[in-house]
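Notes follow once the structure below has been shown.
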């Protein structure tokens, strides 16, 4: 039986900064929407599709649950480090260890190759069982840059509850990851103001 491959694209545009940082988009593949939680890496086929879409695996790659589980575990550690960075709390040692291990597990550089069809070209060459390691090394390297580089000071968690995505703020006043989350925040504030206005209205006797 062939497993059905479900789309891995979130029903939201990428959060600000996710186009530049694959690690941010990776962390945001575990999200919460008003309708409930959504895991874009919940199956091996979904993990494979996500990696292929982000140029982290060849189109014919096949991942199994063991590797998919390792990717989800790395994602959890990355989210813990993002939470640490955005809240100013100590970084969990186990999360630092997980990202550092991923950094050194597999070479992330695309090597130079030649064949009669493509001529000279660059591509990662890994056995099938190392596709996940290669992807994790690339993600970890980008995560290290994101958490320590020039965008680190602008990292924030989305303020549009219940959203759990992270973003790189494009300006100081931005605190949500999408127009949808921003609209939800503004609607909630408007509703709260209306309720407060009603509560302040004097009660007239009949």
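Annotations for the structure displayed:
- Against the numbered list (1) modelled with pLDDT under 90; (2) out of contact with any strand residue (DSSP E or B) (no Cβ under 7 Å at 6 or more places or on another chain), residue 121 comes up short only at (2).
- Considering 60, 42, the condition of being farther than 23 Å from residue 155 by Cβ, more than 11 Å from the chain's Cα centre (by Cα) and modelled with pLDDT under 95 is satisfied by 60 alone.
- Verdict on residue 89 being surrounded by 14 or more Cβ atoms within 10 Å (Cβ to Cβ), at pLDDT 95 or above and over 20 Å from residue 103 (Cα atoms): no
- Among residues of region 154-206, those that are modelled with pLDDT of 70 or more and surrounded by 10 or more Cβ atoms within 10 Å (Cβ to Cβ), counted: 27
- As a summary of the residue check, residue 151 satisfies the conditions (1) in contact with a strand residue (DSSP E or B) (Cβ under 9 Å, 6 or more places away or on another chain); (2) more than 23 Å from residue 55 (Cβ to Cβ); (3) surrounded by fewer than 19 Cβ atoms within 10 Å (Cβ to Cβ); (4) modelled with pLDDT of 90 or more except for the one numbered (2).
- Among residues of region 10-32, those that are surrounded by 16 or more Cβ atoms within 10 Å (Cβ to Cβ) and either over 14 Å from the mean Cα position of the chain (by Cα) or not in a strand (DSSP E or B) (or both), counted: 16
The values are calculated or read from the model by the stated rules, or taken from the named source; none is laboratory data. Keep in mind the model is a prediction, meaning the values are calculated, not measured. Note that each Cβ is placed from the backbone with ideal geometry, even for glycine, and that neighbours are counted across all protein chains shown.
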